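A quick write-up on the structure given underneath.
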Amino acid sequence: MFQEKRPTCITVIGWAWIIIGGLMCLSSVMGLFSFVMMDQISQAPTAVHQDMPAIFKIFPLLAVAQILMGGLGFVSGINFLKLKKWSRNVLEILTWFMLVFTVGFMIWWVFNWLSMTAGHGPKNFGVGGAVMGVFITGIYAVPLGIIVKFLRGEKIKNALSGTPEPGTALGSATLHK
């Protein structure tokens, strides 16, 4: 008798978080290298940009936070594939955080884009950029929303607790006993 050990949604979400976590760590490390180079340039006696924007002062902290989140996502993704219960909660929190951050960034983008382009550029340039920001946000936010939906679903909860799903061969056999 065939028994599904791990639902496909667990495999997809687990691998997605392994990839997302790995890319977050990689991009943070690359960002830290860029920060070191920019910091050295800003301290040169002939530097054009003596005063770096405020974000650069806290950039190392942000990069380290991203490395920690990426590492946590990577490790949780691996353990999610191993059906560890705790990993579902961690991945749900990380996914919610990324979803809220993505939507918040979109709001910031639209506000700033419309502010910067008001009265500049061709007709509807500002609106076009705002629509583009909303569209691109949807490309990231919709999959995150789908991941949250599945993480909160019964299929994953049952798989992690070892409870057979109703309607499966194993679930039906236990109901008839």
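Just checking, which of L68, L32 is more than 16 Å from the chain's Cα centre (by Cα), part of a helix (DSSP H, G or I) and at pLDDT 80 or above?
None of the other options fit; the residue is L32.
Got a sec? Which of S172, S76, S115, S161 is modelled with pLDDT of 90 or more and among the hydroxyl-bearing types (S, T, Y)? Give the steps one after another, and end with the answer.
Working: S172 fails: modelled with pLDDT of 90 or more; S115 fails: modelled with pLDDT of 90 or more; S161 fails: modelled with pLDDT of 90 or more.
None of the other options fit; the residue is S76.
Going by the structure shown, is G129 among the small types (G, A, S), crowded, with 16+ Cβ neighbours inside 10 Å and in a helix (DSSP H, G or I)?
Considered against the rule, which asks whether it is among the small types (G, A, S), crowded, with 16+ Cβ neighbours inside 10 Å and in a helix (DSSP H, G or I), G129 comes out as yes.
Does M38 satisfy the criteria of being modelled with pLDDT under 90 and not in a helix (DSSP H, G or I)?
No.
Yes/no per residue for (1) among the acidic types (D, E); (2) assigned to a helix (DSSP H, G or I); (3) closer than 30 Å to G162 by Cβ:
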| site | (1), (2), (3) |
| --- | --- |
| V90 | no, yes, yes |
| V103 | no, yes, no |
| W108 | no, yes, no |
| L114 | no, yes, no |
| G119 | no, no, no |
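So the check is Cβ under 7 Å with 6+ separation or different chains; which pairs have a first residue in segment 144-158 that's modelled with pLDDT under 95 and a second one that's surrounded by fewer than 14 Cβ atoms within 10 Å (Cβ to Cβ) and of a type in the set (S, T, Y)?
none
Might you check whether a residue that is in contact (Cβ under 8 Å) with a residue 40 or more places away in the chain and more than 22 Å from M24 (Cα to Cα) occurs anywhere in segment 84-103?
yes
Just the residues that are over 15 Å from I156 (Cα atoms) and without any contact (Cβ under 8 Å) to a residue 24 or more places away in the chain, please, taken from segment 70-83.
none
The values are calculated or read from the model by the stated rules, or taken from the named source; none is laboratory data. Quick caveat: nothing in here was measured; it's all calculated off a predicted structure. Counting neighbours? That spans all protein chains shown, and the Cβs are built from the backbone with ideal geometry, glycine included.
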